[in-house]
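In what follows, a structure is listed as structure tokens, so that the remarks can point back to it.
The values are calculated or read from the model by the stated rules, or taken from the named source; none is laboratory data. Being a predicted model, the structure only gives us computed values, none of them experimental. So basically every Cβ, Gly included, is an ideal-geometry build from the backbone, and we count neighbours across all protein chains shown. With ligands, DNA and RNA removed, areas are computed over all heavy atoms of the protein, side chains included. Shrake-Rupley method; radii C 1.70, N 1.55, O 1.52, S 1.80 Å.
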Amino acid sequence: MTRSERLFQEAQKYIPGGVNSPVRAFGSVGMTPRFIVSAKGAYLTDADGNRYLDYIGSWGPMILGHAHPMVLEKVEEACRRGLSFGAATEAEVAMAELICSMVPSVEMVRMVNSGTEAVMSAVRAARGYTGRNKIIKFEGCYHGHSDAMLVRAGSGVMTAGVPDSSGVPDGCTQDTLLAVYNDVSSVEKLFDVWGKEIAAVILEPVGANMGVVPPKEGFLQRLRALCTENKSVLIFDEVITGFRLARAGAQEYFGIEADLTTYGKIIGGGMPVGAYGGKREIMEVIAPVGNVYQAGTLSGNPVAMAAGYAQLTYLNEHPEVYGKLQKLGALLYGGMRSMCRESGLPYQVNDVGSLGCMFFASAPVTDYTSAKSSDTDAFGGYFRHMLENGIYLAPSQFEAMFLSAAHSEEDIRRTLDIMHRYFEKS
């Protein structure tokens, strides 16, 4: 028995399912999770000494690679000054200024502790600002695990085969309206019926919790227009895409501005953190300026602020990082697409910049329904082959691959070679 297997047995005695987040359990791929002890650059090392080329990057935030020396230096300096104060600090002011300077649509920002908290707070701010209650979300878009958002939420619930969560009262979702991602008409119909009651439309500008599903041309622009026409708030959940697709995230990449934007782990360089921000007139409904209450003891934690400020400053000052990520993405995902085409495999490869996903599906994947058509058993066999050959992918068909600046072209070529060997023998 390996050390990871022993650790998993022990963990199941004290932690539900042996893990602190469901997808880590490896249940959908029929394996035991690997317990990671260290990471450097583009590589992870597990409790048994196995080394893996990592395409998860802590689910996105390690855009510069693991244990980047500049980020570690700033974290160590902050730790020596104290781990938490529960009081205002200069670091959070600097961080807020930096985010606002990088993202034109963000005029004010509030720090929180996770992407889930950022979404929950942004939705509350939108409702307080508009005086309306209803929210439009899209099937397959995941916005954290707050009650109102756990409706066909993609990601973990897709992996587990559970469409919604027990423990969520009907009343918590009665104002959540469902639309189909990439289907403008489904949104227009909801506005036709509920237009005067819709506080906000929230979505991932790139659906990255049902695999990777890019927006169709004109889709985001039409949502922007509908929200403007109906005086509803457009919320972009950029927990995945923020500061990853471009300096100003998906809004820069696609040339569109949201009213509110939510961020997660990437603004902490891997430390637990989140934020939401947007137009000043909306953000000023938040206490203590306005009457929308939101608070957090650890919000703006000085260590998280130090890590995030270091990472975002590097990205801001080194725009060539995005060029490298685009190049690596084209090499990896283009190579995967060519491999499928040349081998006659009926699989789909979706990608946007450094994000990508291979769907074990025979038809194009453009929304939640088409993503669910994927053969998860086939994915499981592919995943096991990749892991056994040192490639660490997300243990779910419905998660993204993440590239980092620490990956090399040689890493990409080795990955494609290992993939090709699997499909040759399948």
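Could you name the aspartates and glutamates whose alpha carbon sits less than 18 Å from that of residue 216, not counting residues in the same chain fewer than 8 places away?
139, 183, 188, 204, 237, 238, 252, 257, 351, 367
Between residue 146 and residue 40, how many nm apart are label points set 7 Å from Cα along the C-beta direction?
About 4.1 nm, to one decimal.
Residues in the range 107-146, backbone N under 20 Å from the label point at residue 196 (7 Å along the Cα-to-beta-carbon vector): list them, ranges by number please.
127-136
In whole Å, what are the extents of the range 65-124 along the principal axes defined by its C-alpha atoms, from largest to smallest?
For the range 65-124, the Cα extents along the three principal axes come out at 36, 26, 22 Å.
So what's the back-of-envelope 222 nm ellipticity for the chain, counting only DSSP H runs of four-plus at -39500 (n - 2.57) apiece and dividing by all residues, rounded to 500?
After summing the helix terms and dividing by residue count, I get -12500 deg cm²/dmol.
Under Stokes-Einstein, with the Kirkwood radius over Cα pairs standing in for Rh, what whole-number D in µm²/s applies to the range 377-425 at 10 °C and 1.306 mPa s? Don't skip to the end; give the middle numbers.
Details: Rh = 11.5 Å.
The calculation lands on 138 µm²/s.
So what's the projected area for the range 27-111, the Cα convex hull averaged over all directions, in nm²?
Here the figure is 8.8 nm², rounded to one decimal.
Starting from the 7 Å offset along Cα-to-Cβ, what nm value, one decimal, do you get for the label separation of residue 225 and residue 318?
For residue 225 paired with residue 318, the spin-label model returns 4.1 nm.
Hey, could you grab the Kirkwood Rh for the chain? Inverse mean 1/r over distinct alpha carbon pairs, Å, one decimal.
22.0
Hey, how much of the P(r) for the range 1-54 falls beyond 15 Å, as a percent of Cα pairs?
50
Would you list which lysines come within 16 Å of residue 279, measuring only between C-alpha atoms, while excluding same-chain residues fewer than 8 positions from it?
Of all the lysines, those that pass the test against residue 279 - Cα under 16 Å, at least 8 places apart if same chain - are 231.
So how much slack lies between residue 373 and residue 76, counting 0.36 nm per residue of separation and subtracting their Cα-Cα distance, in nm?
Values: separation 297, 0.36 × 297 = 106.92 nm, distance 4.66 nm.
Computed gain between residue 373 and residue 76 is 102.3 nm.
When Rg is the radius of gyration of the Cα atoms in the range 230-302 and Rh is its Kirkwood radius, what does Rg/Rh come to?
1.00
When 1/r is averaged over all different Cα pairs and the result inverted, which Kirkwood radius in Å belongs to the range 339-424? Intermediate results must be reported in sequence, preceding the final value.
Values: mean 1/r = 0.0737 Å⁻¹.
When all Cα pairs of the range 339-424 are included, the Kirkwood radius is 13.6 Å.
How far apart, in nm, are the 7 Å Cα→Cβ label points at residue 280 and residue 133?
Those two pseudo-labels are separated by 3.3 nm.
Cut-off under 17 Å on the C-alpha distance; same-chain residues fewer than 8 positions from residue 372 excluded. Which lysines are left, in chain and number order?
none
For the range 284-375, what is the accessible area per residue in Å² when the probe is 1.4 Å?
Details: 3910 Å² over 92 residues.
Dividing the accessible area of the range 284-375 by its residue count gives 42 Å².
Multiply the residue gap between residue 6 and residue 418 by 0.36 nm, knock off their C-alpha separation, and tell me the result in nm, one decimal place. Kindly include the intermediate steps, with their values, before the conclusion.
Values: separation 412, 0.36 × 412 = 148.32 nm, distance 2.84 nm.
Roughly 145.5 nm would be gained on extension.
Quick check: convex hull over the Cα atoms of the range 250-408, volume per residue in Å³, rounded to an integer?
Convex hull volume per residue, Cα atoms: 176 Å³.
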